Amino acid sequence: MKIIKKLQSAFVAMVLVAGATSCECHHEEVASFRVGHVLCTDGSIMPFCQYLKSDKEAIGLIFHVNTNPEVSGRGYAVYLNTVPAEAFASELGEEQGTSTDVGDFEGNANTYSMYSSEVSPLAEKVFDMWKYGQSAYIPSVGQLRLLQEKKDFLNQRIEALGGDILPDDPEECWFWSSTEVDGQAADKAWLFSMHNGAIQETPKTQKHLARGVITIQ
């Protein structure tokens, strides 16, 4: 762990010298959090530089701070690693009961509905990620849009933490959302492009990557 932290610190130092980002490190205890802060396996959240000096284990990065009282949670964190390609559903012809609104932030409820349907290999794989009380889920289209907007900033820190960067390659940037397609929910859900934020209605039996998200309560 100490060797990894030293390597991470060296990487961050190079980034800072290049002027590509700010570490936003504070010595006092952090009472709130910002985009780019580190979520640890024990539930603590801290600035990046403070994390590098700690003995904690990172599990994700904050990518959104919620200021809308009508939306539950204080914000969202993205997992450091990508979920391997899997099918949204093992067969067509059955709705998984998710929201079909591409503007909402119901990824958590969507993923539970997918899992409860007992025909979603993707939801089962994401549920297997749960540990240390961190409840991962497949983000909705709306939540993926928030993540894509912060992609370039987050990728510097994801790379420093040894995670999988959010891809920009047009051929490798497609992630499953947890949002089914309105009017075709039995057969299709939305794929989301981390390259440019585009969405593509896609048969649910196709295998694609996903990225776990956590709501900060």
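Note on ASP164 and GLU118: with the Förster distance fixed at 30 Å, the Cβ-Cβ geometry gives a FRET efficiency of about 0.60. Taking a point 7 Å out from the Cα of PHE153 in the direction of its Cβ, the residues of region 75-111 whose backbone N falls within less than 20 Å of it are 75-81. Please give me, ordered by residue number, the chymotrypsin sites (Phe, Trp or Tyr not before Pro) of region 113-217 that lie in loop per DSSP and have at most 15 other Cβ atoms within 10 Å. Here the chymotrypsin sites (Phe, Trp or Tyr not before Pro) that fit, given the DSSP loop and packing criteria, are TRP130, TYR132. Taking a sphere under 14 Å around the Cβ of LEU209 and counting the other residues whose Cβ falls inside, with K and R at +1 and D and E at -1, yields a net charge of -3.
Out of region 82-114, which GluC sites (Glu not before Pro) are coil in DSSP terms and have no more than 13 other C-beta atoms within 10 Å? Sparse-neighbourhood loop GluC sites (Glu not before Pro): GLU91. On region 73-140, 47 percent of the accessible area sits on carbon and sulfur atoms, based on a 1.4 Å probe.
The values are calculated or read from the model by the stated rules, or taken from the named source; none is laboratory data. In this text the structure is predicted, and so the values were computed from the model without any measurement. Please note: Cβ atoms are built from the backbone with ideal geometry, for glycine as well, and neighbour counts cover all protein chains shown. Surface areas here come from the heavy atoms of the whole protein model, side chains and all, with no ligands, DNA or RNA. Shrake-Rupley method; radii C 1.70, N 1.55, O 1.52, S 1.80 Å.
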